Amino acid sequence: MTRSFKELTTEQFESFAQTHPAGSYLQTAAQSRLLARRGWQTSLVGLVEENQVVAAAVLAWIPVRMGNMFQIDGGMLIDFSDQDLVAAFVDGVMAFAKEHRGLFLRIMPNAIYRRFDDEGQQIGNTESTVIDALTRIGFEHTPATKGWTTNSSPSWQYVKPLQPILDAQDTTKALRASFGKDGKYYLKKTDQFGIKVRRLEKADLPDFKALTQDTANRLNYHDKDLDFYQTVFDEYGDDAYFVFAEMNFPAYIKGQQQARDHLAEVVANLDARIAEKPNYKKLKRQRAEYADQHKQHEKRITQAKMAHEQAGKDVVTIAGALFLATANEMIYLYSGTYDEYKNFYGPYAVQEYAFEQALKRQIPHYNFYGISGVFDGSDGVLGFKQGFSGHAEEKVGSFVRPINGPKYAIYHFLKKILARG
């Protein structure tokens, strides 16, 4: 059997990566191009047996002190249960990296260590195949950590399988039915409010950046720059979904007025019936309930008119997000919400739109991406995602192996000294 490690063409890599069960947006030719435009050097590499690709990865590297750091984020795409295959692939990467001043190799596999329900209870067995395969050939393992990171793919994520919905006769009904109580409730509200979701053009990206920056400022985190979003748009093409949820004030106010007027008629009819049967408690309870709903619509109308006047335009953006599609999954990456419009529940409409696009493309997996890994109720992001009914996953963590041992020892020592300082 002839086995060789080599750089792959885009066509070779994509035909393999798009059908691999561990494939993600991080292991695509588009991601390789995006990294290259962001200052990294990249190569599509793989193991080939009898003219067939049997393992592959987007390999990226960037200068650090004393050499280059090599990285495989979200990969490699390989059968980790085949120890000989893993060793052969890593040997190929190491040899390639040595030729390019490699200092160390870091791998963050797209592999799940444990799964959890919404209460934080483990589901199924622990999966240690990847950890065993890499530590056996000299990698130092760092387990997944709880909390948030913007430096690499998250250690914890929230996901939802879509195959049961794809198998249903009516996918639209099955999708809504699959959501949790909160998801159903708030999506019903967005229906009532007339919230519309629009896919953006490249010319809309400065507005998208304004939304995400506003959210980042409010929540105190670092947002991606406009050039990043434009690069994603260019490199991912039809697989990148930049979307806005929008509110049409005149249409919303009209709908609220119609609902208010209908409730006024209902209350008037109940008043007439109560006059005839003043001791009928059930009618009085119904009257109080409908009267309260009437007040709520009056309140929304007043608030919307004020917001309309402040906005100075009929249609406003209330929320938005970026999603990326692959053959395996639809992934939710970046988003924003204008705080003054949070009561219109735009993020729920945005999520349902992305689910619908995934179903149209027959994508079997939906990835809400990062969560903190804390299940005590303090993670509001997790709480939002739980409204759509999925489960949490803890990844296997990261793995580091020196390429130039002596230099890496010095580099590691200097990092520790600088960290103490």
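Points to keep in mind about this one:
- Residues (surrounded by fewer than 12 Cβ atoms within 10 Å (Cβ to Cβ) and not polar (S, T, N, Q)) located in region 269-283: Ala272, Ala275, Glu276, Lys277, Pro278, Lys281, Lys282
- Given (1) at pLDDT 90 or above; (2) of a type in the set (S, T, N, Q); (3) farther than 26 Å from Tyr345 by Cα, number of the condition Gln257 does not satisfy: (3)
- Within region 409-419, none of the residues are surrounded by fewer than 21 Cβ atoms within 10 Å (Cβ to Cβ) and either among the acidic types (Asp, Glu) or part of a strand (DSSP E or B) (or both).
- Within region 197-209, residues that are assigned by TED's automatic domain parsing to the domain that holds Phe233 sit with their Cβ atoms under 9 Å from residues that are acidic (Asp, Glu) and buried (at least 17 other Cβ atoms within 10 Å of the Cβ), at 6+ positions apart or across chains, in these pairs: Val197/Glu246; Val197/Glu352; Arg198/Asp204; Arg198/Glu246; Lys209/Asp223.
- Scope region 2-56; condition at positive phi and over 26 Å from the mean Cα position of the chain (by Cα); matching residues: Glu50, Asn51
- When the criteria are applied in full, Phe344 fails the requirement of being out of contact with any Gly (no Cβ under 9 Å at 6 or more places or on another chain), in the same structural domain as Tyr186 (by TED's automatic domain parsing) and closer than 20 Å to Gly390 by Cα.
- Of all residues in region 73-115, exactly one satisfies the criterion of being at positive phi and under 29 Å from the mean Cα position of the chain (by Cα), namely Gly74.
Okay, residues lined up against (1) under 23 Å from the mean Cα position of the chain (by Cα); (2) among the aliphatic types (A, V, I, L, M); (3) closer than 15 Å to Gln293 by Cα:
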| residue | (1), (2), (3) |
| --- | --- |
| Glu235 | yes, no, no |
| Tyr241 | yes, no, no |
| Met247 | no, yes, no |
| Gln257 | no, no, yes |
| Leu270 | no, yes, yes |
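- Filtering region 40-55 to residues that are touching a strand residue (DSSP E or B) at 6+ places or on another chain (Cβ under 6 Å) and in a loop (DSSP other than H, G, I, E, B) leaves only Trp40.
- Residue within region 338-360 that is in a helix (DSSP H, G or I), in contact with a Leu (Cβ under 6 Å, 6 or more places away or on another chain) and among the hydroxyl-bearing types (Ser, Thr, Tyr) present: yes
- The set of residues in region 387-408 that are among the basic types (Lys, Arg) and buried (at least 19 other Cβ atoms within 10 Å of the Cβ) comprises Lys395, Arg401.
- Phe13 being of a type in the set (Phe, Trp, Tyr), within 19 Å of Ile403 (Cβ to Cβ) and crowded, with 22+ Cβ neighbours inside 10 Å: no
- Any hit, region 15-33, residues being in a strand (DSSP E or B) and modelled with pLDDT of 95 or more: no
- Failed condition for Val381, given (1) without any contact (Cβ under 8 Å) to a residue 40 or more places away in the chain; (2) buried (at least 21 other Cβ atoms within 10 Å of the Cβ): (2)
- Candidates are the residues of region 266-295 that are in a helix (DSSP H, G or I) and polar (S, T, N, Q); the one that is farthest from Lys360 (Cα to Cα) is Asn269.
- Hey, Leu263 in a helix (DSSP H, G or I), in contact with a His (Cβ under 6 Å, 6 or more places away or on another chain) and surrounded by 12 or more Cβ atoms within 10 Å (Cβ to Cβ) or not: yes
- Flag if Ala358 is more than 19 Å from Ala216 (Cα to Cα) and crowded, with 19+ Cβ neighbours inside 10 Å: yes
- Taking region 345-395 as the range and being modelled with pLDDT of 95 or more and of a type in the set (Asp, Glu) as the test, the residues that pass are Glu352, Glu356, Glu393, Glu394.
- Any hit, region 156-173, residues being among the aromatic types (Phe, Trp, Tyr) and more than 18 Å from Gly370 (Cβ to Cβ): no
- Scan of region 244-282 for residues that are polar (S, T, N, Q) and under 24 Å from Asn343 (Cα atoms), ordered by number: Asn248, Gln256, Gln257, Gln258
The values are calculated or read from the model by the stated rules, or taken from the named source; none is laboratory data. What you see is a predicted model, and the numbers here were worked out from it, not measured in a lab. Quick reminder, even Gly has a Cβ in these numbers, built from the backbone with ideal geometry, and neighbours come from all protein chains shown.
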